[in-house]
Amino acid sequence: GAVLSGFRLENGQTIGYFDPGSPRDKDGGGALAFANCVLTNCQVISNLATINGGGIAGYQAAVVDHCTVDFNEAMEGGGVYLEGGILRSSELRNNVADPGDGGGARIWEGETHDCTFVRNNGYLGGGLCQEGGGASGVIAVSNMAATGGGIAAAEALIENAQISFNTVYQSGGGADLEMCWLTDSVISNNN
């Protein structure tokens, strides 16, 4: 239940893939949050995680609120990786998930609200990869992926999204959706 507010988290890095340690030692290059922790009004810049969450990794209902997440990298969730948490009112730019999913963010069974994703890159979901839960008020512009340039989602409710100028090299220039509801959204000028 800790709160981290108003910090700049820059140039952090987790241990390497083959280094000993617990699996979570390889998550969250900038911050690793558990059990209802809140990161708010933070700048998370140029961090690297070996596995999940280049900028921030969160588990057990962690909340990322009003944060700027730029130039981070991880295998999954280049900017943010959350399991069961909330990503809210944040900007995610220039993050990379390599070779994995969610260049800007990968959210499992959580919620994404009023976030902007710009120039992120991932295999599935250049801007956002949302699996379960829902996303509302998302703006995804100029992201790149193999599939789902702006958003890739499965079993999720996507509302009031603006998805434009995203690029893919396989399918779903704007969005790749599987068993989803997409409502009240604008999808335009994707490649």
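The values are calculated or read from the model by the stated rules, or taken from the named source; none is laboratory data. What you are looking at is a predicted structure, and each value in this text was computed from that prediction instead of being measured. All Cβ positions, glycine included, derive from the backbone under ideal geometry; neighbour counts span all protein chains shown. For the accessible areas, the whole protein counts, side chains as well, though only heavy atoms, and no ligand, DNA or RNA atoms are used. Shrake-Rupley method; radii C 1.70, N 1.55, O 1.52, S 1.80 Å.
How many Å² of accessible area per residue for the chain, probe 1.4 Å? Spell out each step's value before the answer.
Working: 8020 Å² over 191 residues.
Here the per-residue accessible area is 42 Å².
So, by mean Cβ neighbours within 10 angstrom, what's the order for 107-116, 74-83 with the highest one leading? Don't jump to the answer; show the numbers that get you there.
Working: 107-116: 21.6, 74-83: 31.4.
Descending packing order for the listed peptides: 74-83, 107-116.
Go ahead and collect, in residue order, the members of segment 102-135 whose backbone nitrogen is under 14 Å from a label point 7 Å along the Cα-Cβ direction of M179.
Within reach of a label on M179: 109, 131-133.
At 0.36 nm per residue, minus the direct Cα-Cα distance, what do F7 and S171 gain on full extension? Give it in nm, one decimal, please. Intermediate values should be presented prior to the final figure.
Numbers: separation 164, 0.36 × 164 = 59.04 nm, distance 3.83 nm.
Extra length available between F7 and S171 comes to 55.2 nm.
So if the hydrodynamic radius of the chain is defined as the Kirkwood radius over C-alpha pairs, what does Stokes-Einstein give as its diffusion coefficient at 20 °C and 1.002 mPa s, in µm² per second? Write down the numbers at each step before the final one.
Values: Rh = 15.3 Å.
Using the Kirkwood radius from Cα pairs, D works out to 140 µm²/s.
Quick one: work out Rg over Rh on the C-alpha atoms of segment 91-146, Rh as Kirkwood radius.
That ratio equals 0.94.
Given that compact globular proteins tend to follow 2.2 N^0.38 Å, what is the ratio of the alpha-carbon Rg of segment 81-191 to that value? All intermediate terms of the calculation are to be shown ahead of the outcome.
Details: Rg = 11.4 Å, N = 111, 2.2 N^0.38 = 13.2 Å.
Normalised by 2.2 N^0.38 Å, the Cα Rg of segment 81-191 equals 0.87.
When the distances between all Cα atoms of segment 25-102 are binned every 10 Å from zero, what whole-number percent does each bin get?
Cα pair-distance distribution for segment 25-102, in percent: 26, 59, 15.
Out of the total accessible area of segment 3-85 (probe 1.4 Å, heavy atoms of protein only), what percent is carbon and sulfur?
Working: 1900 of 3550 Å².
Carbon and sulfur together cover 53 percent of it.
Would you please state the base-10 log of I(q)/I(0) at q = 0.18 1/Å for segment 129-191, with intensities from the Debye formula using one equal scatterer on every alpha carbon?
Per q value, in the given order, log10 I(q)/I(0) is -0.51.
May I ask for the percentage of alpha-carbon pairs in segment 1-63 that lie more than 17 Å from each other?
Working: 734 of 1953 pairs.
Tail fraction, whole percent: 38.
Pop a pseudo-label 7 angstrom from the Cα along the beta-carbon direction at both D98 and R24 and give the gap in nm to one decimal.
Label at D98, label at R24, 2.8 nm between them.
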